[in-house]
Amino acid sequence: MESSIPHHGSCNGGPALIRYTVDHLITMAGDPEVLSPGVVDVDGGRVVWAGAEPDAPRHEGPVERLAGLLMPGFVNTHAHSPMVLLRGAGEGLPVDRWLTEVMWPREGRLSAEDVWWGMTLGAAELLGNGITTSHEHYFFADAAAEAAAAAGLRAVVTAPVLVGADLARFGTWEEQLEGIEDLVDRYAGHDLISVGLGPHAAYSLPEEALRAVVELGRRRGLHIQIHVAEGRHEGDVIAEKYGMTVPAYLEWLGMLDCRVVAAHCVWLTEEDIALFARHEVGVAHCPMSNGKHASGIAPVTDMRAAGIPVGIATDGPSSHDRLDLFEEMRAALRYARLRSGDAGAMTPADVLTMTTREAADVLGRPDLGRLAPGARADMMLIDTAPLGPVIEPSDLITHVVYSGTPALVRSVWVEGRQVVADGRPTTVDVDAARREVATRAARLAAET
Ligand SMILES: [Zn+2]
């Protein structure tokens, strides 16, 4: 790593036992339910107890009184957060042209420092918006992991495997795969960072590359994050060459024997959905990105009805363009209703589940997305003063989904450590990160 990248060591162990009492609590231990008032006990970065205040166990030690609603931090199931460097570029293009004409030429000029600063600003935005875990996929995954850890963001980092004429500087797919095991070893046991594999897509990699990814995934027990059926004609090349849909092709390659998180999944057949359910594939649903690129409306209610866990995701900030899961929840809910013509097709409780507990299940992380004994103390405090009226306690769930915004996020904790206070990230110099990203973005946009 180049010397201009600031280094931060990983910190181990969260703060000692503390009790938080709060006006309203949603634990997401089960279906969303508002407990008023609520209590969460945190010790060493883990939740040791969470529930209604009258049921709380005896406590000796510090107590912090919070105003508002305490709930699990959001889990973002698919993102390329360093793409804050490319935000706004390629507006008005479908995904294929957006990638090949605008993104890849600029990304071919990326340095590790660019990614470090992009991830630093991205992490500040994610945390400020109440997102405590992000499933990341980007070039220079080592720089992205380091920046996320330094910002105090929990990141599941998948190292990209992707080749293209504009991307020659990242080497062959064989060379890309070589570095991944080192990254896996470096972050083994880290309290914030874990590492998986990120083959870009079935259409953008040769069969032997995908087979090598599967071999490495099996050998090291790594999960795989991959784009699937985002654009309508994305599968044509696989159908022509192999006579299969993309999910069937991935199964034929043996990839579905690994744990797979499939992003987008807009154009799936009924058989594809059954196949994914059988192999316990998790799906990352990116409604805002799918809308921006006119990719289509994913069959989310069908996938969930088949038993597939679906998490809501921002995708990269050049596709959304904000790293804002409040907005994604509303988009997911409205798209599901428009697709089905049923005003009850998806509920606020559904989408809140799909940004917390179910999103964690997509990542195979039962320690995330809920405030329950043994879970990571990843949580956010939301200002409820503008959210009303509250006639029934459950109204607060409706209001958070329909009227919630990042501006209402007052405090955020990851692994029990506070990383946002008074609505501002405490771990990142945001102004400095914005300046760095602006300068670097201009260089990447230049033709030379
Ligand atoms: Zn993506």
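Below are the figures for this structure:
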| read-out | value |
| --- | --- |
| P(r) of the range 99-158 over all Cα-Cα pairs, binned every 10 Å from zero, in whole percent | 25, 50, 23, 2 |
| Pairwise label distance in nanometres, Glu174 with Arg220, each label 7 Å out on the Cα-Cβ vector | 1.8 nm |
| The range 89-201: translational diffusion in µm²/s, Stokes-Einstein, Kirkwood Rh over Cα pairs, 10 °C, 1.306 mPa s | 108 µm²/s |
| Size descriptor, Kirkwood hydrodynamic radius, that averages inverse alpha-carbon separations across the range 284-356, Å | 12.1 Å |
| Dipole magnitude of the range 265-422, debye to nearest 20 (Cβ charges: Lys/Arg +1, Asp/Glu -1, about Cα centre) | 140 debye |
| Extreme residue, positive dipole direction of the chain, given options Ile308, His293, Leu250 (C-beta unit charges) | His293 |
| Distance from the range 182-249 to the range 302-317 (C-alpha centre basis), Å | 17 Å |
| Ascending count of other beta-carbon atoms within 10 Å, so fewest first, for Ile273, Ile131, Ile18, Ile180 | Ile18, Ile273, Ile180, Ile131 |
| Potential lengthening between Ser403 and Arg46 on full extension [0.36 nm per residue; Cα-Cα distance subtracted] | 125.6 nm |
| Per-pair calculated FRET efficiency, R0 = 30 Å: Asp166 and Ala274 via Cβ, rounded to 0.05 | 0.20 |
| Kirkwood-Stokes translational diffusion coefficient of the range 345-448, alpha-carbon pairs, 4 °C, 1.567 mPa s, µm²/s | 79 µm²/s |
| Protection proxy ranking of 213-223, 56-66 - average other beta-carbon atoms within 10 Å, highest first | 213-223, 56-66 |
| Expected 222 nm ellipticity per residue - DSSP helices of 4 or more, -39500 (n - 2.57), all of the chain, to 500 | -9500 deg cm²/dmol |
| In Hz, Karplus ³J(HN,Hα) per residue of the range 303-320 (6.51, -1.76, 1.60; θ = phi - 60°; x = Gly, Pro) | 5, 5, 5, 7, x, 7, x, 10, x, 8, 9, 7, 6, x, x, 9, 10, 9 |
| Chain lengthening between Asp55 and Leu338 when straightened (0.36 nm per residue, less Cα-Cα) | 97.7 nm |
| Rh by Kirkwood over Cα pairs, then Stokes-Einstein D for the chain at 0.890 mPa s and 25 °C, µm²/s | 112 µm²/s |
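Every number here is computed from the coordinates shown, using simple stated rules; none is lab data. Computed from a prediction, not measured in an experiment: that's the story for all the values here. All Cβ positions, glycine included, derive from the backbone under ideal geometry; neighbour counts span all protein chains shown.
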